[in-house]
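Asks: First the structure, then my questions, so here it is.
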Amino acid sequence: MTAQAPTVHVPRRPFPWGKLVAWIALGILLFATLFPFYWMLRTALTFPTSVFKDTSSLLPVDPTLINFRRVLGLVPLAEVVALGGSGQPVNFFLALRNSIIVSLLVVIGQVTFCAMAAYAFARLRFPFRNQIFAIYIAAMMVPGIVMTIPNFILIRDLGWIDTFAGIVAPAFLMTPYAIFFLRQFFLGVNREVEEAALIDGASIPTVFLKVVLPMTMPAVTTVAVITFINAWNSYMWPLTVGSKETVRVLTVALGIFRSQTPQGAPDWSGLMAATTLAIIPTFVLFLFAGRKILDSIQFSGFK
């Protein structure tokens, strides 16, 4: 007789309750994050007089593109007012141009000067280096609103009210966070690579530009993207020193558009259409630079 093989009991794997809870929490977080954007688009596509017609509908009521057309100035003013819109045009393209100018100037200035300052704190030796860096770190704890009045007085005395220089100046040179962020990456660069370049006759600026910066490009890109988004979304400072239409940025223009409605209630469909158009540049920026941002977040050092 053949002996029967012993039965092997494979233990049942426990149900992954932890993963289930994590996925549910992630789904709730994604819903809470993305639903406002969906509702903004839904309102932008709703006919102006139908915004409050069926508020329980998840789809646009009487779908139309007229809100985008009137924000871009493609609809006569009389028709805009008849639809319940604002009597004041957004002047979208002028505000968009101003926002692009301000954001790009701030990005160019901050990336340039913050990178140089961060490399100096990471590699160069000079008196009171650590003490000065500690002061920079302490400045991160100061709320930005505290500096609004001193900065306004300085810009007023310089005669830069209602100019691009006045809007850009406080954020043009550097910010403590960007210096701290880039310094940590520069400290991770292998010193032997820099020393080899110095032995070959390269100067410190050459090492910085041709060796260190290419190796830390994900970090520099991350700083540029974060700086651009902060400058693009800035409202209080541009409103304080740049309310004139020739230098009015998009966020300020949207705020004025919201408050100038003859009927008393905000023109929600027009405002949401303008806001949808306003977030397109930052969305495209994340679309192309998102990978580099993730790489810099996952950074663990250089070999």
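Asks: Restrict the check to segment 233-249 and report whether at least one residue is within 27 Å of Arg156 (Cβ to Cβ), among the aromatic types (Phe, Trp, Tyr) and either at pLDDT 85 or above or touching a His at 6+ places or on another chain (Cβ under 6 Å) (or both).
Replies: Among the residues of segment 233-249, at least one is within 27 Å of Arg156 (Cβ to Cβ), among the aromatic types (Phe, Trp, Tyr) and either at pLDDT 85 or above or touching a His at 6+ places or on another chain (Cβ under 6 Å) (or both), which makes the answer yes.
Asks: May I ask you to verify whether Ala3 is in a loop (DSSP other than H, G, I, E, B), hydrophobic (A, V, I, L, M, F, W, C) and modelled with pLDDT under 85?
Replies: yes
Asks: For the structure I just gave you, tell me whether Thr227 is modelled with pLDDT of 90 or more, touching a Cys at 6+ places or on another chain (Cβ under 9 Å) and not charged (D, E, K, R).
Replies: yes
Asks: Met174 fails exactly one of the following numbered conditions: (1) at pLDDT 90 or above; (2) within 16 Å of Phe113 (Cα to Cα). What is the number of that condition?
Replies: In the conditions (1) at pLDDT 90 or above; (2) within 16 Å of Phe113 (Cα to Cα), Met174 misses (1) alone.
A quick yes/no check of all residues on (1) in contact with a His (Cβ under 7 Å, 6 or more places away or on another chain); (2) of a type in the set (Ser, Thr, Tyr); (3) at pLDDT below 85:
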{"site": "Ala25", "(1), (2), (3)": "no, no, no"}
{"site": "Leu29", "(1), (2), (3)": "no, no, no"}
{"site": "Thr33", "(1), (2), (3)": "no, yes, no"}
{"site": "Tyr38", "(1), (2), (3)": "no, yes, no"}
{"site": "Ala44", "(1), (2), (3)": "no, no, no"}
{"site": "Ser56", "(1), (2), (3)": "no, yes, yes"}
{"site": "Leu59", "(1), (2), (3)": "no, no, no"}
{"site": "Leu65", "(1), (2), (3)": "no, no, no"}
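Asks: Being assigned to a helix (DSSP H, G or I) and free of Cβ contacts under 8 Å to residues at least 40 places away in the same chain: is that true of Pro170 here? Step through it out loud before you land on a result.
Replies: Values: assigned to a helix (DSSP H, G or I): yes; free of Cβ contacts under 8 Å to residues at least 40 places away in the same chain: no.
Criteria not met by Pro170.
Asks: Only one of Ile153, Ile149, Ile132, Ile145 is surrounded by 11 or more Cβ atoms within 10 Å (Cβ to Cβ) and either part of a loop (DSSP other than H, G, I, E, B) or of a type in the set (Val, Ile, Thr) (or both). Can you tell me which? Outline the logic, then answer.
Replies: Details: Ile153 fails: surrounded by 11 or more Cβ atoms within 10 Å (Cβ to Cβ); Ile149 fails: surrounded by 11 or more Cβ atoms within 10 Å (Cβ to Cβ); Ile145 fails: surrounded by 11 or more Cβ atoms within 10 Å (Cβ to Cβ).
After applying the criteria, what remains is Ile132.
Asks: Val90: buried (at least 17 other Cβ atoms within 10 Å of the Cβ), modelled with pLDDT under 90 and aliphatic (A, V, I, L, M), yes or no?
Replies: Spelling it out, Val90 is indeed buried (at least 17 other Cβ atoms within 10 Å of the Cβ), modelled with pLDDT under 90 and aliphatic (A, V, I, L, M).
The values are calculated or read from the model by the stated rules, or taken from the named source; none is laboratory data. Fair warning: this is a prediction, and the values are worked out from it, not measured in the lab. Cβ atoms come from the backbone with ideal geometry, glycine included; neighbour counts cover every protein chain shown.
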